[in-house]
1. Would you mind computing, in nm to one decimal, how far apart the modelled labels at residue 21 and residue 64 are, each placed 7 Å from Cα along Cα→Cβ?
2. Beta carbons within 10 angstrom, averaged per residue: use that to sort the peptides 9-16, 62-69, highest first.
3. Can you give the alpha-carbon Rg of the range 5-81 over 2.2 N^0.38 Å, where N counts its residues?
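The numbers here are math on the coordinates, done by the rules we state, and not lab data. Quantities reported herein were computed from a predicted structural model and do not represent experimental measurements. All Cβ positions, glycine included, derive from the backbone under ideal geometry; neighbour counts span all protein chains shown.
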């Protein structure tokens with residue numbers, strides 16, 4: 001997929017679409033833009049305004065990008081926990 005930016009963008013959009021249709025009531029989708037240059041983050045912002053896109057600023061590598069997303073997602077969940085009695089699951093995507 002990496003040779004075709006359009007396929008990569010569509011793969012990301014399909015993943016988000018599947019996640020958003022889960023039968024779970026309370027969750028957020030956080031996507032880490034790990035230095036991409038294919039425009040996927042713009043596609044997400046246009047199609048799925050409820051999805052939180054976190055930009056790392058550069059390619060940190062797969063593991064570091066996933067860790068950043070998990071840290072950011074769990075940090076956001078922990079911050080919400082002080083205001084709410086529940087926080088939903090966290091899903092990660094990396095291509």
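1. Output for this residue pair reads 3.6 nm.
2. 9-16, 62-69
3. That ratio works out to 1.10.
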